[in-house]
Amino acid sequence: MNVVKSASDIKKLQVASCKLQAIQNPIMSNNLQIFRVVVASREQQNDEQLMTAAAQLGITGIEAIYSKRIYFIQGDFGVDSADKIATDLLVDPVTEEVAFETLHGMVVGEKPDNRHTIDVTYLPGVTDPAADNLQRAAGWMGFDVVNAATGMRYEIIAPSTVDLEGIANR
């Protein structure tokens with residue numbers, strides 16, 4: 001699993017994704033965009049299993065951990081199409097909510113000091129069946145998703161003194 005911890009890591013992921021796409025399909029459109037889709041439960045609950053695991057690893061000071069599913073979708077389409085893919089394929093509208101953003105030109109906003117985010121995805125080359133199914137289903141809807149990846153987002157509520165690097169590397 002690959003850990004994305006900062007805006008520079010996201011940029012590296014974007015560059016790596018574009019390089020991978022160039023290898024897989026040498027005829028590339030200049031209009032390819034990458035969207036990150038975040039799917040979360042409407043009733044966010046503290047992930048007690050992760051809290052227990054952190055305590056067993058000797059990591060203290062964490063107030064809460066919330067987990068969400070993330071998807072990276074790359075294609076030659078705009079925001080409306082990405083929204084259609086996300087709402088029709090990735091979210092249960094009764095129990096979940098979806099948020100998405102374009103990674104190209106992303107501006108990182110300020111967060112409260114005690115909220116930290118760790119995105120975990122598969123390493124390049126590792127089979128990601130959910131991403132393959134997403135590409136196939138989007139194709140059936142008429143969208144050309146040229147690249148997709150899945151992962152998990154962990155939002156950790158803790159003081160900045162907590163060893164987040166240690167958490168991310170475990």
* Asked: Is one or more of the residues making up the range 67-89 β-branched (Val, Ile, Thr), closer than 30 Å to Gly166 by Cβ and at pLDDT 90 or above?
  -> yes
* **Leu89, sole failed condition from (1) within 18 Å of Ala137 (Cα to Cα); (2) in contact with a Leu (Cβ under 7 Å, 6 or more places away or on another chain); (3) in contact (Cβ under 8 Å) with a residue 60 or more places away in the chain** => (3)
* Asked: So how many residues does the range 33-65 have that are closer than 14 Å to Ile167 by Cβ and outside any helix (DSSP H, G or I)?
  -> 10
* Asked: Taking interchain pairs and intrachain pairs at least six residues apart, which have beta carbon atoms under 6 angstrom, with the first residue in the range 52-66 and of a type in the set (Ser, Thr, Tyr) and the second at pLDDT below 85 and open to solvent by 40 Å² or more (accessible area, probe 1.4 Å)?
  -> Tyr66/Gln44
* To do: Kindly list, by first and then second residue, each pair from a residue in the range 132-144 that is of a type outside the set (A, V, I, L, M) to a residue that is modelled with pLDDT of 95 or more and exposed (fewer than 13 other Cβ atoms within 10 Å of the Cβ), limited to pairs with Cβ atoms under 9 Å and residues at least 6 apart or on different chains.
  => none
* To do: Could you please let me know if Asp92 is in a loop (DSSP other than H, G, I, E, B), charged (D, E, K, R), open to solvent by 30 Å² or more (accessible area, probe 1.4 Å) and at pLDDT 90 or above?
  => yes
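The values are calculated or read from the model by the stated rules, or taken from the named source; none is laboratory data. Just so we're clear, the structure is a prediction, and the values are computed from it rather than from any experiment. Positions of Cβ are backbone-derived with ideal geometry, glycine not excepted, and every protein chain shown enters the neighbour counts. The protein model used for the area step is the full one, side chains on, heavy atoms only, and it has no ligands, DNA or RNA in it. Shrake-Rupley method; radii C 1.70, N 1.55, O 1.52, S 1.80 Å.
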